[in-house]
Amino acid sequence: MTTSRWVTTGMLLVSVLGMAGAAAPAIADPGAEQITVTGRVQAGVEPRCFLLPGQGRSPYLLVGGDPSVVKPGAHLVVRGRPDPGAPTTCMQGTPLHVSEAHPA
C-alpha cells in the first residue's frame with residue numbers, strides 16, 4: 001500500500017512539473033529589468049523548447065511569445081525578463097519571459 005501511494009505521488013509530481021515547462025505562460029519577477037536580445041531561434045532537446053543562443057553567454061530559453069513568431073529558424077529581436085530560477089522542463093538555457101518578439 002505504501003508503494004502504491006509513492007507511485008501515485010510520483011506521477012502527480014511529474015504532472016505538475018510538466019505543466020511548468022517553457023510552453024506554459026509564466027510571470028517573471030515584476031521587479032526584474034527587461035532586456036533585449038537578438039539572434040536566430042534554435043530548437044532545444046525537448047519539445048516546445050526554443051533557445052536564443054548567446055555570444056559569450058549561455059542561451060536564453062524563450063518562455064511565451066507568439067508561436068507564429070517564436071519558432072526555430074526565425075531571426076528575432078526579443079524583449080523580456082530573465083528569470084534564472086524559474087523551473088522548466090527544458091533543461092537548457094536561462095528562462096526569458098518574452099514580452100515581445102519580432103523579426104530582426
Pull up all non-local amide H partners of CYS49: gap of 5 or more, or a different chain, and H-to-H distance under 5 Å with H placed in the peptide plane. GLY44
Point-charge dipole on Cβ atoms (K/R +1, D/E -1) for segment 29-104, about Cα centre, debye to 20: 220 debye
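Bear in mind these aren't lab numbers, they're just calculated from the coordinates by the rules spelled out. Since this is a predicted model, take the numbers as computed values, not measurements. All Cβ positions, even for glycine, are placed from backbone atoms using ideal geometry, and neighbour counts span all protein chains on display.
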